[in-house]
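To start, the structure itself, in structure tokens.
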Amino acid sequence: MSNFPVYYEHIHTCSQTGARLGRVHTPHGSFMTPAFMPVGTQASVKGMSPEEVSDMGAGIILSNTYHLWLRPGSEIVAKACGLHSFMNWKGSILTDSGGFQVFSLAKPKDIVEEGVKFQSHIDGSRLFLTPEESMRIQNDLGADIIMAFDECCPYPAEYSYADRSQARTTRWLDRCIESHKRPDEQALFGIIQGSMYPDLRKKSAEAITARDLPGYAIGGISVGEPKELFLQMIDCTVPLMPEDKPRYLMGVGTPDYLIEGAVRGVDMFDCVLPTRMGRHGTILTDHGRKIIRDKRYAEDFGPMDPGCGCYACRNFSAAYVRHLIKANEMFGLRLCTYHNIYYLLNLMQRVRDAIANDCLGDWREEYYKNYYGNQD
């Protein structure tokens, strides 16, 4: 057992790839890893009920600190006895620090040692977010896993800026640790930065993991860099992360990136991709993306994805879903969203099965034969 409220249990290592199968234990249950976390930005996975997301197999979801800070306010969520009660989610929850949204709204000159100045995307009001305030908000929200406030570099970033940024992230982590008021109930994860520079990644990883925390994340990648650079950063960072703690790769959700992360020993992933694609009438399949709203599916009376066992594919045709989308019926976009979340959760189950059977390398090769070259 661990002294932390969240801890990692290793189950098996794939002899082909070194990928690891495990289980993360939290105050609100356990989930198997590698795991994809559906994103519920506003305390809701867009278009889905909590029961639907749970029934699909999700053991953990992610909610957004920045958005819930602005609406309805963390104090209101605290009065509702936290996010779990507020949104009626029985499983585990992770909240991000709000940093990524803030930095997308802030100018470089507004990022200072004390925190970040920025304008609200809702009403334009001037706001200031600090490590201490991020911790206060996340303590109010009551998630099982909370993230340290970090500085996420854009791509590309100059070396000197990236170095200053990762050093500031470490200093901010210390402030987060100091101001975290519920360490026995909520696990604080540190975030490794360093942009696209291997030596800075190493420097950041050494500093962040020197703080004894329940888990660690890789931040600042999947921000527009080429895939080769993305893989290089994972390759140089994961080996520097403790083997007995959960490893979280932030903001990753395409099937190939999930698989490549899992192969390299990552345990947790999140992304808005499945819900965002669903709202645009596009679905994920083993043969790539299918744009269901396209005319080619107007008379396709088979399921959207013939190989899928989800509720949408078992019960409705591609032609029907396309009709709903063209008629602006929200149920059509809900069905696409349902399929996409189910698809990624099921994909990770298949990855876990391949790890358990020591065949993830062979499985990945076979998967990519179908996935590449067959997209709409």
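Past 29 Å, Cα to Cα: identify those pairs from Lys79/Lys109; Lys79/Lys117; Lys46/Lys90, in the order given.
Details: Lys79/Lys109 36 Å; Lys79/Lys117 27 Å; Lys46/Lys90 17 Å.
From Lys79/Lys109; Lys79/Lys117; Lys46/Lys90, over 29 Å: Lys79/Lys109.
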| request: Note the full-extension length gain between Glu329 and Val112 as 0.36 nm times their separation in residues minus their Cα-Cα distance, in nm to one decimal. | output: 73.5 nm
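Provide the percentage of antiparallel DSSP beta bridges, counting only those with both residues in the chain; round to the nearest 5. Write down the numbers at each step before the final one.
Working: 21 of 44 bridges.
Rounded to the nearest five, the antiparallel share is 50 percent.
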| message | For the chain, which cysteines have no second Cys with its Cβ under 4.7 Å from theirs? | response | Cys14, Cys81, Cys152, Cys153, Cys176, Cys236, Cys271, Cys310, Cys336, Cys359
| message | Compute the helix-to-body angle for 330-356: its Cα long axis versus the longest principal axis of the chain, expressed 0 to 90° and rounded to tens. | response | 70 degrees
| Does the range 94-196 come out rounded, prolate or oblate by the C-alpha gyration tensor, with a ≥ b ≥ c the root eigenvalues, rounded set by a/c under 1.5 and, if not, prolate when a/b is larger than b/c and oblate if not? | oblate
| remark: On the accessible surface of the chain, probed at 1.4 Å with all protein chains in place, carbon and sulfur together account for a percent value of 51 percent
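Just want to confirm a number: the relative contact order over the range 154-285, from Cα pairs under 8 angstrom separated by 6+ residues, in percent. Walk me through the numbers on the way to the answer.
Values: 173 pairs, mean separation 26.1, N = 132.
Once divided by the residue count of the range 154-285, the mean separation gives 20 percent.
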| Spacing of the two label points (7 Å from each Cα toward its C-beta) at Glu178 and Lys227, in nm | 4.4 nm
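Estimate the FRET efficiency between Asp358 and Asp256 by the formula 1/(1 + (r/R0)^6), using the beta-carbon distance for r and 22 Å for R0, to the nearest 0.05.
Details: r = 21 Å, r/R0 = 0.97.
The pair Asp358/Asp256 has a calculated efficiency of 0.55.
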| query | When DSSP assigns beta bridges and you keep just the ones with both residues in the range 1-160, what percent turn out antiparallel, to the nearest 5? | reply | 70 percent
| query | For all pairs of alpha-carbon atoms in the chain, what percent lies in each bin of width 20 Å, listed from the first bin to the last filled one? | reply | 29, 59, 12, 0
| said: What number comes out for accessible area per residue over the range 190-291 if the probe is 1.4 Å? Units Å², please. | reply: 31 Å²
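Extension gain Tyr161-Arg126, at 0.36 nm per residue separation less the Cα-Cα distance, in nm?
The span from Tyr161 to Arg126 would gain 10.1 nm if fully extended.
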| Extension gain from Lys295 to Ser2, taking 0.36 nm per residue of separation minus the Cα-Cα distance | 100.0 nm
| remark: If each part is reduced to its alpha-carbon centroid, the range 1-65 and the range 145-200 end up apart, in Å, by 22 Å
| message | Can you give me the angle between helix 159-179 and the longest principal axis of the chain, using Cα atoms only, in degrees from 0 to 90, rounded to the nearest 10? | response | 80 degrees
| request: Would you mind checking the range 250-292 for residues with the amide N under 18 Å from a putative spin-label position 7 Å along Cα→C-beta of Ser104? | output: 250-254, 269-280
| field | Ellipticity estimate at 222 nm from DSSP helix runs (n ≥ 4, -39,500 (n - 2.57)) divided over the chain, nearest 500 | value | -12000 deg cm²/dmol
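The values are calculated or read from the model by the stated rules, or taken from the named source; none is laboratory data. Just so you know, these numbers come straight off a predicted model, no measurement behind them. Glycine gets a Cβ as well: all are built from the backbone with ideal geometry, and neighbour counts include every protein chain shown. When the accessible area is computed, the model is the full protein with side chains, heavy atoms only, and any ligands, DNA or RNA have been set aside. Shrake-Rupley method; radii C 1.70, N 1.55, O 1.52, S 1.80 Å.
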